[in-house]
Amino acid sequence: MSVHRLSRDPVADSPAAQGRSAAAHSRALPRQLHPGAWWLWSLGLAAAASRTTNPLLLLLILAVAGYVVAARRGDAPWSRSYAAFLRLGLLVLAARMVLAVLLGSPVGGTHVLFTLPQVPLPAWAQGVRLGGAVTLEGVLFALYEGLRLAVLLACVGAANALASPSRLLRSLPGALYEAGVAVVVAMTFAPNLVEDVRRLRAARRLRGRTDRGVRAVLSVGLPVLEGALERSVALAAAMDSRGFGRTAPVPRRVVRTAGALTLLGLLAVCSATYGLLTAGSHPWAFPVLLAGAGAAAGGLVLGGRRSVRTRYRPDPWALPEWLTAASGVLVAAALIWYSGRWPGALAPSVVPPVAPTLPLLPALAVLLGLLPAFATPEPPRPRPSASSSPSSPRSTR
């Protein structure tokens with residue numbers, strides 16, 4: 001019997017070739033996008049929605065956010081929270097319309113739709129009315145404002161459905177770690193609440209009980225609160241076991257300087273953002289924004305000296321992250337610029353009522369928000385086990 005040895009290619013077995021093949025294999029594998037990129041993208045869409053009351057543009061922003069969520073969300077519990085934010089937005093829209101009908105609208109109007117019985121109020125309640133004439137102008141104003149609030153909630157819900165809260169906490173700078181824990185715990189409350197309610201309703205249906213009505217809601221409320229308390233205790237125990245709160249010895253003046261720079265920088269960024277987003281952006285807003293961002297960055301660098309924690313497998317910030325963040329920033333910048341140039345197209349008149357039209361250039365700018373649905377890798381999904389596969393052969397004895 002002759003034995004043939006397999007020949008090996010020395011070029012293919014070299015460390016450089018193995019490194020290239022490993023890098024290509026890692027790029028081909030699905031991975032989760034950096035959570036900061038998702039939040040920048042969603043905040044960009046929210047900033048764009050805040051600059052318009054055109055219902056067609058608002059619905060287009062909502063459609064863009066929904067398409068990206070449907071294309072890139074995973075199977076984690078927080079990934080199923082987007083529908084809850086949509087329902088909350090519809091509730092806000094309905095409440096805004098009801099309040100406009102019952103309490104009137106500040107825009108007035110001459111096209112009366114119907115008249116409700118008006119309740120007389122005392123003299124100290126001047127300017128407030130209950131009932132009276134309901135005008136078309138007031139209803140349109142409430143509809144546009146309520147729809148804008150609903151779209152803002154949907155943009156925040158998109159970030160909650162796409163970004164992992166734990167990975168977002170891991171990506172925060174060391175100076176913001178303590179505050180970031182509180183923020184992340186608050187952000188995870190809504191997705192976990194939705195998951196608990198869905199699980200308990202399914203359990204009630206399996207037991208033959210109804211999951212609708214006031215009694216069902218009351219019976220679900222106590223287990224949901226109990227689950228939230230158990231998660232809080234488990235989180236506190238996990239943080240205690242991992243040495244949370246341990247800091248490095250840093251001089252007092254460095255801590256005070258870092259806190260002052262961070263606080264002043266964030267205040268400057270907030271005031272500059274308000275100046276940029278208000279109608280007729282102010283010339284001082286952009287320089288104050290740059291100065292505030294620089295001061296906040298310096299404060300975060302100094303405050304990071306107190307942190308002694310290390311990161312295991314930090315999330316990469318590669319080309320998909322840059323494209324995702326840039327698409328949200330470009331959408332926000334484009335609508336801010338268009339709102340100053342063509343205010344009538346982005347804010348249709350309600351007095352007198354004018355039928356809204358879809359402006360072409362702002363609509364094309366909003367469509368840039370679809371880029372993450374195509375330029376980002378698909379999130380990892382659990383593979384079905386071999387025993388659960390319908391094509392796998394069954395074991396016989």
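Applying D = kT/(6 pi eta Rh) to region 58-124, where Rh is the Kirkwood radius over alpha-carbon pairs, T corresponds to 37 °C and eta to 0.692 mPa s, the Stokes-Einstein value obtained is 208 µm²/s.
Amide H contacts under 5 Å for residue 113: 134, 135, 136, restricted to partners 5 or more places along the chain or on a different chain, H placed in the peptide plane at 1.01 Å from N.
Any read-out appearing in this document is the output of simple, stated calculations on the displayed coordinates, not a laboratory observation. Computed from a predicted model, the values in this text were never measured in an experiment.
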